[in-house]
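What follows is a single structure, written as structure tokens, with notes after it.
The values are calculated or read from the model by the stated rules, or taken from the named source; none is laboratory data. No experiment lies behind these values; they were computed from the predicted model shown. FYI the Cβ positions are ideal-geometry reconstructions off the backbone, even for glycines, and counts take in every protein chain you see.
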Amino acid sequence: MVNIDGIENKLLELESFFEKVINSSPGFDDSSYGAGASYGLKSVRNMKDILTKYKKKPQNKLLKYLYTGFTAVTRGVEGFNNHDLNEKFNKTCDGIYEISQEINANINW
């Protein structure tokens, strides 16, 4: 069984981070060398919907979507050109690997 609370907390943390980046003051360098904060926020919100469905009716395919969703966030966004923002992103991403491994261990491939 996966730690739903841990996944939910990480998604809320990521959502908060991306919202702050998107709503930052004009002139703030939020450029990314990946898909960017908008993509990250869209991915996280999609994962929140998937998690809600999983809580109602656990399904293997939903775990697969969550697993690929975390990969999409880390590999899609990649990082930010602003050094401080990139460090905050990396700190926010702490624990994603462990969550992904836990999800992966519960998937029937």
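Numbers for the structure displayed
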| item | result |
| --- | --- |
| Residues of region 19-52 that turn out to be surrounded by fewer than 16 Cβ atoms within 10 Å (Cβ to Cβ), touching a residue at least 12 places away in the same chain (Cβ under 8 Å) and among the acidic types (Asp, Glu), as a count | 2 |
| Given (1) modelled with pLDDT under 95; (2) part of a helix (DSSP H, G or I); (3) not β-branched (Val, Ile, Thr), number of the condition Lys88 does not satisfy | (1) |
| Filter result for Gly27 (of a type in the set (Gly, Ala, Ser), on the phi > 0 side of the Ramachandran plot and touching a strand residue (DSSP E or B) at 6+ places or on another chain (Cβ under 9 Å)) | no |
| One residue from Lys61, Lys91, Lys55 being over 14 Å from the mean Cα position of the chain (by Cα), surrounded by fewer than 16 Cβ atoms within 10 Å (Cβ to Cβ) and free of Cβ contacts under 8 Å to residues at least 40 places away in the same chain | Lys61 |
| Residue in region 40-50 that is in a helix (DSSP H, G or I) and over 10 Å from the mean Cα position of the chain (by Cα) present | yes |
| Region 1-55, subset aliphatic (A, V, I, L, M) and over 14 Å from Thr92 (Cα atoms), residue modelled with the lowest pLDDT | Met1 |
